[in-house]
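Worksheet for the structure shown next.
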Amino acid sequence: YQALSTALDRKPDANCTIVAVTPKSHDPAAIGGDVERAERNAENVKGSLIQLGLQPNRISMSSINSDVAQSPEVHLYIR
């Protein structure tokens, strides 16, 4: 909340990008579950941002695979 509030104070017209990050895996069975968890967590973050007052049209969503991630992650970028 604090990071979003500070960013919006500095740039009131800021938009957010939420990225569902999944680790690259050699086990195809693990990939589906990781993608599902990352996307569900990203949707939860989006819901929280909307509850904090950010308009849905100012939020974009995407997903990526990462060589670095050890588990499903959500990255939030304020631009």
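Values as computed for the structure displayed
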| item | result |
| --- | --- |
| Antiparallel bridges, percent of DSSP beta bridges restricted to the chain (to nearest 5) | 45 |
| From the coordinates shown, Cα extents along the principal axes in Å corresponds to which of [x] 37, 28, 15; [y] 44, 21, 19; [z] 35, 25, 22 | [y] |
| Fraction of accessible area attributable to carbon and sulfur, segment 21-79 (%, probe 1.4 Å) | 50 |
| Extension gain, ARG37 back to VAL68 (0.36 nm per residue minus Cα-Cα distance, nm) | 9.5 nm |
| Accessible area expressed per residue, the chain, with surrounding protein chains retained (probe 1.4 Å, Å²) | 66 |
| Phi-based couplings in Hz for segment 38-53 (Karplus 6.51, -1.76, 1.60; Gly and Pro marked x) | 4, 5, 5, 5, 5, 4, 5, 4, 4, x, 5, 4, 5, 5, 7, x |
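The values are calculated or read from the model by the stated rules, or taken from the named source; none is laboratory data. Small disclaimer: the values here were computed from a predicted structure and weren't measured. Surface accessibility is based on the protein's heavy atoms, side chains included, excluding ligands, DNA and RNA. Shrake-Rupley method; radii C 1.70, N 1.55, O 1.52, S 1.80 Å.
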